[in-house]
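Here's the structure we're looking at; comments come further down.
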Amino acid sequence: MEYYEVDVVFEEEVSTKSGIKIRKVRRKYLVQAQSVTASEALVYEFLTDSPYSYEVVSSKKSKIVDVVSQ
């Protein structure tokens, strides 16, 4: 399996003096998967319960070769 960088754009509501404004926030997820399509599917599954609306905008193969953790 390889690692993919998946970009997701969230639409978050922000309170301002003149009311509520929608702000778009871009976040990256590192996903271990077998293909670009599989990485996108995993992110959609991971974010199923997100309170914000979102869209997966890109997915590309990462240069990261491994993740070291305890």
Residues satisfying the stated conditions in region 1-54, i.e. touching a residue at least 40 places away in the same chain (Cβ under 8 Å) and within 30 Å of Val65 (Cβ to Cβ): Glu2, Tyr3, Tyr4, Glu5, Val6, Asp7, Val8, Val9, Phe10, Ser50, Tyr54
Could you tell me how many of the residues in region 21-40 are in contact with a strand residue (DSSP E or B) (Cβ under 8 Å, 6 or more places away or on another chain) and open to solvent by less than 100 Å² (accessible area, probe 1.4 Å)? 10
Please determine whether any residue of region 9-20 is open to solvent by less than 50 Å² (accessible area, probe 1.4 Å) and among the acidic types (Asp, Glu). yes
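The values are calculated or read from the model by the stated rules, or taken from the named source; none is laboratory data. Keep in mind it's a predicted model, so treat the numbers as computed, not measured. Heads up, the Cβs are rebuilt from the backbone with ideal geometry, glycines too, and the neighbour counts pull from every protein chain shown. These accessible areas exclude ligands, DNA and RNA; they are computed on the full protein's heavy atoms, side chains included. Shrake-Rupley method; radii C 1.70, N 1.55, O 1.52, S 1.80 Å.
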